[in-house]
Amino acid sequence: MTARKTPLYETHVRAGGRIVEFGGWLLPVQYAGIKEEHQAVRTKAGLFDVSHMGEILVQGEDSLSFLQTLVTNDVAKLADNQVLYTPMCYPDGGTVDDLLVYRQGPNDYLLVVNAANTAKDWAWILEQAEGKNVSLENVSDDIAQLALQGPLAEKILSNLTEEPLAALKYYWFWPEVTVAGKRVLLSRTGYTGEDGFELYCDPGDATYLWEAIMAAGVPLGLMPAGLGCRDTLRFEACLPLYGHELSAAISPVEAGLGMFVKPDKGAFNGREALVAQKTAGPKRKLAGFAMVDRGVARADYPVWAEGRQIGHVTTGSYAPSLDKNLGLALVEAAFAVLGQAIEVEIRGKLVAAQIVAKPFYKREGK
Amino acid sequence: MNIPKELKYTKDHEWVRVEGNTAVVGVTDFAQLQLGDVVFVELPPVGKTLKQGEPLSVIESVKAVSDVYAPVSGKVVKVNAALEEAPDLVNQSPYGEGWVAVIELADSGEVDALLDDAAYAGVAAEGGH
């Protein structure tokens, strides 16, 4: 399959973005440099093209009851214009994907799914909806998405809209507002551990909006930001990445996301398996660790303790905001305790590390 | 991109500066630009003997893990320990303070067969590998 281009592809190339393939899409991994962009998002702001994300509409009178069986979190708790993070599981508790649910109305929901999973999710959701009175539409190609993230995001955006942005709370959205003269769906969401917004727009407006936000933000320190720092930012905040912390073989309870699994809401895919894991405690747990000796842990490196392998690294990296080499690992539950000594196998050598608290980074304030 | 005239190069983006019977080895400006922010350098033990083309060091950027190969055969007589504390010297000064190791030449004929600056510029222009 040929990699696809977002509407902003030419903009990225012109701005010196280094293009890589990710989840079937050609996107910039970096512009100025991962550390510099990372720091800009933590202290000022960064603008990301996240148009590769998939969007699926769920409408019709069975929408809520269908979604309740489809995902693990409680969709009934949503009010209009509110957003919910939720895993979506297989009956065995393995994870199909993790996604955001936007309630646009009582019978009108927008699901935002991972780019690399869009086709798989769409097929799964169609199959699960059989016999239900819902209408489904994969609108991924009709929507472009920008993410403006960082402590100055609100200030930058306030130059481009009349809307009272301070009134838009975390995990809420406005379905139709004007930003730089264009109609967008605006949500206070993100994947960086910082305050920020995500703008869903017509693909034809994406370049104009990008340029307008850059023009308003650059004087305040806004930088264009690539996938590289998106990963280091989410990693420091310990936000899961599908394919690493979650997969068909890793349940949300194992990944430490049990708070997004709500057995009391009634039947849903994976309920029995996940309840069993919650009750008995999962056999494996996702733990944070810091390298004690020199070395950088990377995804899939084996993790050892007491002379045997006890798990594997799901994500490992240099953490720019903490200036440390850190990692997340899925390990036997008995070893997922603070202070536990472990070893990471790096190129055949065992390198000392220690279990530490998650998240590695938490912004001050909210 | 900086490609000094006085150095020799490999198609894998290492550079060599001959000093007497030794070769100072590092990675090129092109290599450090491709890698991005370097966060870790694994240095070989002093005294290790390597054949040309064998792994000498590992340089890791935020996203990438990259092998550095011995551009010439010989014994490692010195390593740049400063890279343990300041791996970003590879980005800041790839031909200077960011050098990786010094190899005592086993066969000075190997140096003559390395690329000159013009030939390496061609390799880099093709985008490397």
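Read the figures in this text as sums done on the coordinates, not as results from a lab. The structure displayed is predicted, hence computed values, not measured ones. We place every Cβ from the backbone using ideal geometry, glycine too, and count neighbours over all the protein chains shown.
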Sorted by chain and then number, the residues having a modelled amide H within less than 5 Å of the amide H of A:E55, at least 5 places away or on another chain, are A:V113, A:V139, A:S140
Rounded to whole angstrom, the alpha-carbon centroid of segment B:60-126 lies from that of segment A:283-313 at a distance of 31 Å
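With a ≥ b ≥ c taken as the square roots of the eigenvalues of the C-alpha gyration tensor of segment A:1-118, please select rounded if a/c is under 1.5 and otherwise prolate if a/b is larger than b/c or oblate if it is not?
Numbers: a/c = 2.29, a/b = 1.97, b/c = 1.17.
Note, shape of segment A:1-118 comes out prolate.
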Rounded to whole angstrom, the alpha-carbon centroid of segment B:24-40 lies from that of segment A:1-30 at a distance of 23 Å
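According to the square roots a ≥ b ≥ c of the eigenvalues of the Cα gyration tensor, what is the shape class of chain A, taking rounded for a/c under 1.5, prolate for a/b larger than b/c otherwise, and oblate for the remainder?
Here chain A falls in the oblate category.
Anything over 32 Å Cα to Cα? Flag those among A:K132/A:K278; A:K182/A:K262; A:K5/A:K182; A:K120/A:K283; A:K5/A:K324, in the order listed.
Violating the 32 Å Cα-Cα cut-off are A:K182/A:K262; A:K5/A:K324.
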Per DSSP loop assignment and a cutoff of at most 14 other beta carbons within 10 Å, chain A keeps its longest run without exposed GluC sites (Glu not before Pro) at A:163-305
Taking the alpha-carbon centre of each part, the distance from segment A:187-239 to segment A:343-366 in Å is 26 Å
Kirkwood Rh over alpha-carbon pairs of segment B:38-129 plugged into Stokes-Einstein at 4 °C, 1.567 mPa s gives a D in µm²/s of 92 µm²/s
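Only helical DSSP H runs with n ≥ 4 go in: add -39500 (n - 2.57) per run for the protein assembly as shown, normalise by residue count and round the 222 nm mean residue ellipticity to 500 deg cm²/dmol.
Values: 13 runs with 101 residues, N = 495.
Mean residue ellipticity, 222 nm, calculated: -5500 deg cm²/dmol.
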Partner lysines whose C-alpha sits under 24 Å from that of B:K11, ignoring same-chain residues fewer than 8 away, are B:K48, B:K51, B:K63, B:K75, B:K78
For A:K285, counting only lysines whose alpha-carbon sits under 16 Å away and dropping same-chain residues fewer than eight positions off, the answer is A:K358
Chain A, Gaussian network, Cα under 10 Å: of A:D62, A:D80, A:D264, the residue fluctuating most is A:D264
Yeah, segment A:54-138 with a ≥ b ≥ c from its alpha-carbon gyration tensor (a/c under 1.5 is rounded, else prolate when a/b outruns b/c, oblate otherwise) is rounded
